[in-house]
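One structure is given here, and the rest of the page talks about it.
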Amino acid sequence: MANMLGRMWKEHVAEISIVLLIIGLVTLLFGILGMVWTENLIDMLGVNESLLSWSLYILIIGFILTLAGAFYFYDFMRNKRFLLDELETNKRSEFMKNHAELKSAARHLPTKYQDMLAEKEDELRVR
């Protein structure tokens, strides 16, 4: 079960991190509004007062979700950009310099990028 969840996370890390970032931003916004405009939210929008008493906790959860989503999306984009930039080289010596880093970056990316790295290794006869 854990292996299946790990594979699903690896294959869809960009989409999941964007959803996590959006949920985190909405939660963060609600927590901030609940802390600042408590009485206005009760009067104008009819938000339950017991829900607004949890605003600090909602703010903290929103902050954590936003940071996690932003971190995973940044990490995905950084690894993807590095891999794609390095795969454009046609020189075997340049490819070999960064081969260990490329394998590490590809390990954290979806299978499509690992296949691209394997094709480039075959093309440059690297093993």
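The values are calculated or read from the model by the stated rules, or taken from the named source; none is laboratory data. This is a predicted model, so every value here is computed, not measured. When we count neighbours, we look across all protein chains shown, and the Cβ atoms used for this are built from the backbone with ideal geometry, even at glycine.
It is to be established whether one or more residues within region 45-54 are aromatic (Phe, Trp, Tyr) and at pLDDT 85 or above. Spell out the reasoning first.
Restricting attention to region 45-54, the residues satisfying the condition of being aromatic (Phe, Trp, Tyr) are 54.
Then drop every residue that is not at pLDDT 85 or above, which leaves 54.
Yes, because at least one residue in region 45-54 is aromatic (Phe, Trp, Tyr) and at pLDDT 85 or above.
Residues being acidic (Asp, Glu) and within 30 Å of Phe73 (Cα to Cα) are represented in region 6-18 by at least one member. One residue stands out among those in region 85-103 that are of a type in the set (S, T, N, Q) and loosely packed, with under 13 Cβ neighbours inside 10 Å: the one that is nearest to the chain's Cα centre (by Cα), which is Asn90.
Has region 103-111 got any residue that is farther than 16 Å from Glu11 by Cα and modelled with pLDDT of 90 or more? If you could, list the steps in order and put the result at the bottom.
Of all residues in region 103-111, those farther than 16 Å from Glu11 by Cα come to 103.
Now drop any that are not modelled with pLDDT of 90 or more, which leaves 103.
Yes: region 103-111 contains one or more residues that are farther than 16 Å from Glu11 by Cα and modelled with pLDDT of 90 or more.
Quick one: would you say Arg7 is in a helix (DSSP H, G or I), at pLDDT 95 or above, basic (Lys, Arg) and surrounded by 12 or more Cβ atoms within 10 Å (Cβ to Cβ)? So Arg7 does not fit the description; no.
Annotation note: Cβ proximity below 7 Å between a residue of region 104-117 that is free of Cβ contacts under 8 Å to residues at least 40 places away in the same chain and closer than 13 Å to Glu86 by Cβ and a residue that is in a helix (DSSP H, G or I) and polar (S, T, N, Q) (sequence gap 6+ or interchain) occurs for Ala105/Asn79; Ala106/Gln114. Only one of the numbered conditions (1) in contact with a helix residue (DSSP H, G or I) (Cβ under 8 Å, 6 or more places away or on another chain); (2) more than 28 Å from Thr111 (Cα to Cα); (3) not basic (Lys, Arg) is not met by Gly69, and that is (2).
Taken as a whole, the structure leaves Phe73 outside the set of residues that are more than 30 Å from Gln114 (Cα to Cα) and surrounded by 15 or more Cβ atoms within 10 Å (Cβ to Cβ). Of the helices (runs of 4 or more DSSP H) entirely within region 23-127, those holding at least 3 residues that are more than 23 Å from Gly6 (Cβ to Cβ) occupy 49-52, 55-87, 92-97, 111-123.
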